[in-house]
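To start, the structure under review is shown below, and the notes come after it.
The values are calculated or read from the model by the stated rules, or taken from the named source; none is laboratory data. Worth saying up front: this structure is predicted, and the values here are computed from it rather than measured. Positions of Cβ are backbone-derived with ideal geometry, glycine not excepted, and every protein chain shown enters the neighbour counts. Side chains are part of the model used for accessible areas, which takes the heavy atoms of the whole protein and leaves out ligands, DNA and RNA. Shrake-Rupley method; radii C 1.70, N 1.55, O 1.52, S 1.80 Å.
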Amino acid sequence: MRFKSLIMAAIGTCLSLSAMAAPVTIKFSHVVAENTPKGQMAIKFKELVESRLPGKVEVKVFPNSQLFGDDNVLEAMLLGDVQMAAPSLSKFDNYTKKLQIFDLPFLFKDMGSVERFQNSASGQKLLGSLEKKGLVGLGYLHNGLKQLSANSPIASPSDIAGKKFRIQTSDVLAAQFEAVKAVPVKKPFSEVFTLLQTKAIDGQENTWSNIYSKKFFEVQDYITESNHGLLDYLVVTSKEFWMGLDDDTRKVIKSSLDEAIAHGNKIAAQKADSDKQAIIASGRTKVSQLSDAERQAWVKAMKPVWKKFESEIGADMIEAAEASNQ
Ligand code: LMR
């Protein structure tokens, strides 16, 4: 009898300990402002997860490179110091060459094409390209197409010859600027404003929402609506963290993330227009469009970059991406 009550007491203690168990913490680190597609997606994700798994999972969002920059966040993730991030697809060169496809200049006609490709069997296959490195691709998130900005007007490729352009850590992007004889400089996002302000660099490429939210337009006299490349994201976690969750928790986190991504994508589409309009309305910079002939000159100069990376990316992948333009 005494033995039985001891067992019952032990079980009771275990139960109350597990009820009090500390929640799983997801640190979500990113580099952009909160009023961006990624910033809003992360906030939505936190709201959904915490309302569906109260007391079980907490999400701490760190925007503006507060916790890690994109240059060290994946290393930190593998060490368990951060559980989720959504670096741009241009920042995975050290982990896989397959995602380089998203940097090929003038590959996607518009965001509809990007969406079709990402949802296709080929696009979905790419989500698994980091697995050997211990990372899990959970989904794509849009930001949008990139524009060129500089201290001097940009209409033809020769306008940027010899000029220093900040790029993300991607060899394709380096080749893209070298193809027009500009000088690519790989730098973290957190340094771009100061580099532009001090004129240490002449220009950069980014989306309307990043140019607006980080005020690049206030320190660049000219922006050309070139839509020459894509800046989208891959939401990632580590395999160790992901597989360490119980099945039910993992399912709820994944479905919450899918909803948060859909929310972020809607914001991305809105901001591509509203942030552009806000930049024009500010009068701080001159925004111009390319004529068809000017655009063709950029395509002609930059497209040879595709061939250079074809063997690493795979010709079949490039074909599948091109097919999404129809
Ligand atoms: C950049 O470095 O320009 C972007 O990748 C920043 C971001 O996360 O949108």
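Return yes or no: is Asp258 more than 23 Å from Thr36 (Cβ to Cβ), open to solvent by 40 Å² or more (accessible area, probe 1.4 Å) and more than 16 Å from the ligand (Cβ to nearest atom)? The answer is no for Asp258.
Filtered by the rule that a residue be among the charged types (D, E, K, R) and within 26 Å of Ala297 (Cβ to Cβ), region 192-230 gives Asp202, Glu205, Asp221, Glu225. Every residue in region 73-93 that is part of a loop (DSSP other than H, G, I, E, B) and without any contact (Cβ under 8 Å) to a residue 24 or more places away in the chain, please. Matches in region 73-93: Leu79 only. Of all residues in region 34-49, those satisfying the criterion of being within 13 Å of the ligand (Cβ to nearest atom), buried (at least 24 other Cβ atoms within 10 Å of the Cβ) and outside any loop (DSSP other than H, G, I, E, B) are Pro37, Lys38, Met41, Ala42.
In this structure, is Ser190 more than 14 Å from the ligand (Cβ to nearest atom), touching a residue at least 12 places away in the same chain (Cβ under 8 Å) and in a helix (DSSP H, G or I)? It is false that Ser190 is more than 14 Å from the ligand (Cβ to nearest atom), touching a residue at least 12 places away in the same chain (Cβ under 8 Å) and in a helix (DSSP H, G or I). Please tell me if Gly112 is in a helix (DSSP H, G or I), in contact with a helix residue (DSSP H, G or I) (Cβ under 6 Å, 6 or more places away or on another chain) and away from the ligand (no atom under 16 Å from the Cβ). Taking the combined requirement at face value, the residue does not satisfy it.
Do we find a residue being open to solvent by 60 Å² or more (accessible area, probe 1.4 Å), among the aromatic types (Phe, Trp, Tyr) and closer than 23 Å to Gln147 by Cα anywhere in region 229-238? No, the conditions are met nowhere in region 229-238. Taking the conditions (1) farther than 21 Å from Phe217 by Cα; (2) in contact with a Phe, Trp or Tyr (Cβ under 8 Å, 6 or more places away or on another chain); (3) hydroxyl-bearing (Ser, Thr, Tyr); (4) away from the ligand (no atom under 16 Å from the Cβ) in turn, Ser152 satisfies each one other than (1).
Pairs are defined by a Cβ separation below 6 Å, a sequence spacing of at least 6 or placement on different chains, a first member in region 291-315 that is modelled with pLDDT of 95 or more, and a second member that is of a type in the set (D, E, K, R); the pairs so defined are Glu312/Lys97. Only one entry in Leu126, Leu148, Leu130, Leu195 is touching a helix residue (DSSP H, G or I) at 6+ places or on another chain (Cβ under 7 Å) and either of a type in the set (A, V, I, L, M, F, W, C) or under 21 Å from Thr237 (Cα atoms) (or both), namely Leu126. The set of residues in region 101-129 being more than 15 Å from Leu89 (Cβ to Cβ) and acidic (Asp, Glu) consists of Asp110 alone.
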